[in-house]
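The values are calculated or read from the model by the stated rules, or taken from the named source; none is laboratory data. Quantities reported herein were computed from a predicted structural model and do not represent experimental measurements. Cβ coordinates were reconstructed from backbone atoms using ideal geometry, including for glycine residues, and neighbour counts include every protein chain displayed. Please note that ligands, DNA and RNA were not included when accessible areas were found on the heavy atoms of the full protein model with its side chains. Shrake-Rupley method; radii C 1.70, N 1.55, O 1.52, S 1.80 Å.
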Amino acid sequence: MRFGNIKKSYKILLAGVFLLLAFFILIRPVRFHNSTSTVLLDRNGQLLSATVSDEGMWQFPETDTVPYKFAICLTQFEDAYFWYHLGVNPVSVVRAMVQNIKARKVVSGASTLTMQLVRLSRKGKPRSYLEKVVEMVLAVRTELSYSKRTILAKYASHAPFGGNVVGIDAAAWRYFGTSPDNLSWAEAASLAVLPNAPGLIYPGRNPHLLIEKRNRLLKKLMRKGYIDEEAYRLALLEPAPNPANALPQKASHLLTRCIHDGLKGQLVKSTIQRQIQDNAQRIANRYHRHFMANGIRNMAAMVVDNKNGEVLAYIGNILTNNPANSSLVDIITSRRSYGSLLKPFLYGYMLSEGLLYPRELVKDLPVAYAGFTPQNFSKTFEGAVHANEIISRSLNVPSVNLLKEYGLEKFYNNIRNIGLYSIDKPASHYGLSIILGGAESTMWELARAYSALARKVQTDTSCGVYLHYDAEAKPDANQRISAYGIGSGAAYLTLEALTQANRPGEDGTWRSFISSQRIAWKTGTSYGFRDAWAIGVTPDYTVAVWVGNADGEGRADLIGVAAAAPVMFDIFSILPASKWFTPPYFDLQKAITCKQSGLMASENCPDTISELVPAVKTKTLPCMYHRKIYLDKAKRFRVTRSCVSGSQITSASWFVLPPAQEWFYKRVHAEYKSLPPYKDGCHANHDEVQNIDLIYPFYGADIYIPYEAKGKRSQSIWKATHRNPNATIYWHLNEKYLGKTKGVHEMVVDPDPGTYTLTLIDDQGEVFRRKIKIIGTEK
């Protein structure tokens with residue numbers, strides 16, 4: 001008998017376990033499937049901007065915690081025994097039944113917070129006794145699956161707060177402009193009473209009802225000891241929620257980017273520093289008002305922390321109400337011509353490979369490469385320019401000459417390795433124009449590349465920069481970008497060359513910028529004046545600015561140094577000042593260089609300096625510009641030992657440029673002294689110095705000879721130069737003698753289409769030849 005009772009009890013126990021298991025399997029706890037807003041926070045958790053959900057609601061992603069004040073207010077108003085029951089409060093159920101029977105209608109629902117959470121998840125279900133039973137069952141099931149804090153958080157995230165506002169986070173920001181954690185007791189109480197009747201006391205509709213409910217709750221809190229009498233009286237003085245408050249819309253283009261990057265419906269804690277974002281936005285807005293008056297409608301800017309790659313400010317564009325302004329376009333991620341912004345990287349590559357000295361003279365002459373004829377912005381040439389001035393003054397022709405020497409394919413591969421992935425066509429597609437903005441990249445890629453350059457100075461490793469805006473994103477080694485191909489020493493010298501605060505811009509005018517710190521900066525202007533760029537670098541920050549029209553419309557004022565650089569310098573003024581880079585001596589060495597040519601000093605260089613150069617094996621020759629020459633005692637003529645006795649000869653070191661370079665160089669360098677002519681009877685038969693050169697047609701140029709209006713073919717004027725101003729040059733085109741010139745060496749020619757050999761012979765027998773192609777005539 002006893003064994004039978006045990007067996008029966010065992011069966012009952014098994015049945016209970018089975019029913020409980022079935023209960024867990026067949027009845028699921030509360031779940032929500034509605035979409036949520038995409039929310040963007042700054043690095044400190046402050047709201048920057050948000051979108052409505054797909055249903056048009058302001059509902060932030062579900063929170064996992066509820067602030068203390070709101071939790072107290074909510075439980076005291078809705079469910080004082082929330083922490084003690086298992087989803088259903090039996091006492092409240094009995095009391096509600098008695099009240100409803102006496103009133104002969106439903107006056108109390110006995111709903112706990114858990115039951116209300118269930119009702120929120122079962123949208124559209126009619127209120128009935130059967131539905132109430134279902135809510136009770138689901139409430140118990142939910143209590144068995146979730147902790148009390150989780151249930152409270154779910155309710156706070158899905159409760160209605162009037163209008164299209166759902167959830168405590170959206171409500172706190174919408175009505176009080178603050179996060180739920182910063183709510184006062186009065187604010188928390190106001191929000192706690194809203195879900196009970198959001199339609200009746202929606203803020204702005206019946207403010208007196210809302211205030212009355214809030215104040216009753218505050219009094220209850222005082223009675224129970226949650227607040228003292230002073231806090232209670234101060235809370236009563238606070239105003240009702242303001243329904244006119246709008247959620248902030250800062251860094252809205254970054255918010256849109258989050259959605260495009262797969263973060264839709266999520267809460268994104270960004271790396272943005274709100275104060276920097278706001279100050280940079282004010283600067284951008286101020287300049288934008290000025291630009292708009294000149295037909296320039298768009299601009300963008302970003303600030304990067306070089307130490308960790310975090311984006312501190314993100315201004316994708318300036319928002320306006322006019323759709324024609326294309327203000328919704330995020331310029332930071334848009335491909336644009338970058339103008340001259342890649343010139344410093346070419347300089348760094350050549351320094352790193354020992355192909356260039358920091359101040360080495362580079363040719364600045366008219367030139368053409370396969371139909372590409374680069375021009376300096378000023379339309380002038382200087383014959384020879386120091387390499388560091390090429391990037392500080394943004395000279396085009398010397399840059400193209402350097403790229404030709406370095407190698408297009410190698411340069412293309414290097415810039416791809418520093419993260420300029422938008423330049424995605426073959427190198428041959430762009431040609432040498434790639435150094436002048438003949439391709440397109442994005443501000444994101446360019447700012448990252450400059451930040452990597454700054455980081456390279458401070459470390460000899462290749463850890464690179466992981467540029468990111470998501471504070472919780474995990475660094476991906478594949479997304480780290482280093483200054484590939486540029487050593488630390490070369491990176492330092494490159495940035496040093498970009499520090500001039502007073503320099504000529506691409507428009508040829510000098511501009512001075514006052515800054516409290518040293519800034520390495522580079523500007524860029526695209527062809528047709530469509531894009532104006534400025535990117536600046538300090539050890540701590542990189543600031544990038546773009547000004548222009550998103551639709552590509554060009555404007556005469558769209559010049560990097562005039563439009564973008566002032567904005568960049570103003571943004572730097574709101575950032576903490578940085579001490580300049582410490583030279584990376586581990587990758588630098590001292591070298592004795594020629595002061596005038598910038599090359600390794602030769603025995604003929606009269607003035608030398610000691611300067612830092614990359615610690616690499618140099619592939620350049622010593623200075624070839626300084627030559628030892630022999631002069632007469634008066635130092636007016638060159639002589640040789642065959643015509644003058646040794647006692648009448650004096651030697652001198654002379655700075656000598658090739659004739660074509662000299663022709664341009666001495667027009668901007670008054671101190672340049674041409675080689676003295678040979679004394680009569682003293683000309684050397686084998687003078688090592690070239691004396692003749694052709695100015696036009698220049699090397700590589702194909703010549704068109706157009707027709708005039710009346711159908712008569714025009715003539716072309718060709719120009720040569722000679723070191724001796726009194727020399728005579730005899731001109732020959734193929735075998736045909738054209739004539740002779742003296743002093744000013746210009747010859748009028750009108751050849752038919754074809755390929756010719758131009759031969760120039762001076763009165764001392766020196767010969768110069770160049771192939772010239774006449775590719776046709778235009779009629």
*For the stretch 568-592 and the stretch 238-273, what is the separation of their Cα centres, given in Å?*
36
_Volume in Å³ per residue [convex hull over Cα atoms, computed for the stretch 367-434]_ = 103
*Roughly how many Å is it from the Cα centre of the stretch 336-396 to that of the stretch 644-683, as a whole number?*
27
*Could you state the number of Å between the C-alpha centres of the stretch 688-753 and the stretch 529-553?*
43
*Translational diffusion coefficient (Stokes-Einstein; Kirkwood radius from C-alpha pairs) of the stretch 208-346 at 37 °C, 0.692 mPa s, in µm²/s*: 170
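Give, in nm to one decimal, the length gained when the segment between Lys123 and Ala634 is fully stretched (0.36 nm per residue of separation minus the Cα-Cα distance).
Working: separation 511, 0.36 × 511 = 183.96 nm, distance 10.67 nm.
Between Lys123 and Ala634, full extension yields an extra 173.3 nm.
Measure up Lys719/Lys773; Lys343/Lys474; Lys125/Lys154 against 21 Å on the Cα-Cα distance and list the ones that go over. Numbers along the way, then the final one.
On the way: Lys719/Lys773 16 Å; Lys343/Lys474 33 Å; Lys125/Lys154 19 Å.
From Lys719/Lys773; Lys343/Lys474; Lys125/Lys154, over 21 Å: Lys343/Lys474.
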*If you bin every alpha carbon distance in the chain into 10 Å steps from zero, what whole percent lands in each bin?*
2, 11, 16, 16, 13, 12, 9, 7, 5, 4, 3, 1, 1, 0, 0
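Just from its helices, what would the mean residue ellipticity at 222 nm be for the chain, if runs of 4 or more DSSP H residues each count -39500 (n - 2.57) and the sum is divided by every residue, rounded to the nearest 500 deg cm²/dmol? All intermediate terms of the calculation are to be shown ahead of the outcome.
On the way: 21 runs with 241 residues, N = 779.
So the helix-based figure for the chain works out to -9500 deg cm²/dmol.
Mind ranking 167-177, 189-199, 132-142 by how tightly packed they are, going by the mean number of other C-beta atoms within 10 angstrom, highest first? Present the calculation step by step, with values, prior to reporting the outcome.
Details: 167-177: 24.3, 189-199: 22.3, 132-142: 19.7.
Per-residue mean Cβ counts within 10 Å order the peptides as 167-177, 189-199, 132-142.
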*Once the Cα atoms of helix 396-406 and of the chain are each reduced to a long axis, what angle between those two axes, in degrees from 0 to 90 to the nearest 10, is obtained?*
90
*Cα-Cα pairs above 19 Å in the stretch 135-256: how many percent?*
55
_With a 1.4 Å probe and all protein chains left in place, how much of the accessible area of the chain comes from carbon and sulfur atoms, in whole percent?_
52
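Report the FRET efficiency, 1/(1 + (r/R0)^6), for Asn413 and Ala368, where r is their Cβ-Cβ distance and R0 is 22 Å, rounded to 0.05. Walk me through the numbers on the way to the answer.
Details: r = 25 Å, r/R0 = 1.15.
Efficiency computed from Cβ-Cβ geometry: 0.30.
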*How big is the stretch 529-647 by Rg and Dmax over its Cα atoms, in Å?*
24.9, 75
*Run the quick spin-label model on Asp540 and Lys673: label points 7 Å from Cα toward the beta carbon, then report their separation in nm to one decimal.*
5.1
*Would you calculate the separation in nanometres between label points at Gln458 and Tyr737, each defined as 7 Å from the Cα along the Cα-to-beta-carbon direction?*
7.2
*asked:* Compute, for the chain, the length of the dipole vector about the Cα centre, with Cβ point charges of +1 (Lys, Arg) and -1 (Asp, Glu) only. Units Debye, rounded to 20.
replied: 2860
*Rounded to whole Hz and in sequence order, give me ³J(HN,Hα) for the stretch 437-453 from the Karplus expression 6.51 cos²θ - 1.76 cosθ + 1.60, θ = phi - 60°, writing x for Gly and Pro.*
x, x, 10, 10, 9, 10, 4, 4, 5, 5, 4, 5, 5, 5, 5, 5, 5
*For the stretch 367-384, take each phi angle, set θ = phi - 60°, evaluate the Karplus expression 6.51 cos²θ - 1.76 cosθ + 1.60, and give the result in whole Hz per residue in order, putting x for glycine and proline.*
8, 9, 10, 6, x, 8, 10, x, 10, 6, 4, 7, 6, 10, 9, 10, x, 8
*asked:* From the phi angles alone, apply the Karplus equation (6.51, -1.76, 1.60; θ = phi - 60°) to the stretch 755-765 and give each ³J(HN,Hα) in whole Hz, x where the residue is Gly or Pro.
replied: 10, 10, 10, 8, 10, 10, 10, 8, 6, 9, x
_Under a crude label model (7 Å from the Cα following the beta-carbon direction), how far is Gln715 from Thr178 in nanometres?_
8.7
